[in-house]
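Below is one structure, written out as structure tokens, with a few remarks after it.
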Amino acid sequence: MTARRSDGPTVTTDGNRFRLDGELVDLWGIRTASATATDEQCQHLIDQLDDYTAHGVNAVTVFYMGCMGANYDPFAPDGSSIDPDHRRRMERIAEACAARDMVLVVGVFYQFAPFGLRDANAVHEALGQVARHLEPYRNVIVNVANEHSSYGWDQHADAYDFRDPDNIVECCSVLKETDPDRLVGGGGFHPETTAVIGRADTVDVCLFDTGEEIYTDNDSGAMHDRLVRAGVRDKPLVNVELFGGWTERFPRGVFPPDARLAYGREVQRAAARPGLSVFFHNNRWCQHPELPMRYDLAGQGTAGDPGIRWYFEQVRAAQERTG
């Protein structure tokens, strides 16, 4: 049964830019990967969306299988169904984002989650289920798998080898078979294999991430430039996870001056490159495995005023400077 089509906006691409209902838009996002963990976590995210948009942050990313903070397997072993609670929460988030002209990047598979899908047929069937349930929500981009180049996928290779970039492309094709107009993509932190994914005709968006080496050329701008040189042209490039686990070393909600400067440089790199988007990520605030995951902005990132509001203020300032 096909759900009613949402009255929300439609996200499309135009070369390396996004359009929302036909208007050019730059995506600025935050990773809230485990927002379908519980009804309370889902509502907590929805409660923050107005604060996000007030700062010019118009996108979130949520995974069906969660993240390091909370993960789960919502798929039947043969891929024929999705856990109804996780499905319902994802749809609630899609609707809440649509009501605010926001984009939702829906991630499907996460490498460190329990994984019960039996084989390639089950993986493909699960993707078909995702495409069917998301069909009404045209503000959604689907990200096949988190960090396809991660060692975490080694443990699932007997069922399906997500490390092979051609398999990520294949998954994008499966999604397109069910919903030809859906924007789909994938990628990781490995530039060469991510370029293979990004160059594929069935891939609309190159969704990559960067790791912990903040003082090298391993940043969003350098990754963008590498991918463009490798032939990933005329499609948007999105860093869906800034800095990997780097901020795990800092106290919860505390960002030393060099950390805030590093994030600020990423904002500047995205603002200077049309077609490059960045998503805020922080281990201890947004996806802590032992403490409640927080998506609220709170304070200015100091010991006396912990939080992530300072980053959102940088994003808003960057947009004001560029008009």
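The values are calculated or read from the model by the stated rules, or taken from the named source; none is laboratory data. It should be emphasised that the depicted structure is a prediction, and the values quoted were computed from it without experimental measurement. Glycine also receives a Cβ, built like all others from the backbone with ideal geometry; neighbour counts cover every protein chain displayed.
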The one condition residue 274 fails out of (1) assigned to a loop (DSSP other than H, G, I, E, B); (2) under 22 Å from residue 323 (Cβ atoms); (3) touching a helix residue (DSSP H, G or I) at 6+ places or on another chain (Cβ under 9 Å) is (3)
Of the conditions (1) polar (S, T, N, Q); (2) surrounded by 14 or more Cβ atoms within 10 Å (Cβ to Cβ); (3) farther than 18 Å from residue 32 by Cβ, the single one that residue 287 does not satisfy is (3)
Scanning region 140-165 residue by residue, those assigned to a strand (DSSP E or B) and either among the hydrophobic types (A, V, I, L, M, F, W, C) or more than 14 Å from residue 197 (Cβ to Cβ) (or both) turn out to be 140, 141, 142, 144, 145
Residue 150 passes all but one of the listed conditions (1) more than 12 Å from residue 182 (Cα to Cα); (2) touching a residue at least 40 places away in the same chain (Cβ under 8 Å); (3) within 20 Å of the chain's Cα centre (by Cα); the exception is number (2)
request  = Evaluate region 295-315: report whether one residue or more is free of Cβ contacts under 8 Å to residues at least 60 places away in the same chain, under 21 Å from residue 219 (Cα atoms) and among the acidic types (Asp, Glu).
outcome  = no
Among 231, 221, 304, 244, the single one that is in a loop (DSSP other than H, G, I, E, B) and crowded, with 19+ Cβ neighbours inside 10 Å is 244
Listed by first then second residue, the pairs whose first member lies in region 254-267 and is within 21 Å of residue 225 (Cβ to Cβ), whose partner is of a type in the set (Phe, Trp, Tyr) and modelled with pLDDT of 95 or more, with beta carbons under 6 Å and at least 6 positions apart or on separate chains, are 263/311
